[in-house]
Amino acid sequence: MQLDATLTALSDPTRRAILLRLAEGEATVAELAAPHDLTQPTISKHLKVLEAAGLIETRPDANRRPRRLVPGALRELSDWVEQFRRIWEGRFDNLDDFLRTEPPSKGQGR
């Protein structure tokens with residue numbers, strides 16, 4: 001399942017930081033490694049995980065190989081999280097309705 005690969009890829013803070021950087025625009029391995037105390041080979045391993053999850057892609061450009069986000073790659077994750085948002089929003093609405101209609105218990109003021 002693609003969602004499993006996405007969640008696995010997002011489980012690492014370095015990979016999440018890389019995605020945030022790529023949200024600003026494409027970048028090379030050296031550019032992505034710069035803010036981290038990691039070697040370029042280590043960053044490359046993180047990039048392979050992100051690429052295998054379908055979150056980023058490489059765009060060959062002469063002798064450069066910049067990475068960029070895949071448009072819509074987080075859609076499945078967003079849809080999955082949205083289900084929970086709707087459930088909890090409904091529960092909070094029900095709680096709000098209950099609190100508005102239920103008289104206060106004895107000894108408790110509002």
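Worth a mention:
- Shown for the chain: the carbon plus sulfur share of the solvent-accessible area, taken with all protein chains present and a 1.4 angstrom probe, equals 54%.
- Basic side chains Lys and Arg get +1 at the Cβ, acidic Asp and Glu get -1 at the Cβ, and with that the dipole of the chain about its Cα centre reaches some 180 debye.
- Counting only alpha carbon atoms, the long axis of helix 40-52 and the longest principal axis of the chain meet at about 60°.
- Largest GNM mean-square fluctuation among ILE87, ILE56, ILE43, using the chain with Cα springs under 10 Å: ILE87.
- Look at [x] 1.14; [y] 1.04; [z] 1.29: the one that is Rg/Rh (Cα atoms, Kirkwood Rh) derived from this structure is [z].
- Per residue value of the accessible surface for the chain (all protein chains in place, 1.4 Å probe), Å²: 71 Å²
- Cα-Cα pairs of region 1-60 separated by more than 12 Å (percent): 65 percent
- Among ARG64, ARG21, ARG100, residue whose mean-square fluctuation peaks in a GNM of the chain (springs only between Cα atoms under 10 Å): ARG100
The values are calculated or read from the model by the stated rules, or taken from the named source; none is laboratory data. Keep in mind that what you see is a predicted model, and the values were worked out from it rather than measured. All Cβ positions, even for glycine, are placed from backbone atoms using ideal geometry, and neighbour counts span all protein chains on display. Just so you know, the surface numbers come from the protein's heavy atoms only, side chains and all, with ligands and any DNA or RNA stripped out. Shrake-Rupley method; radii C 1.70, N 1.55, O 1.52, S 1.80 Å.
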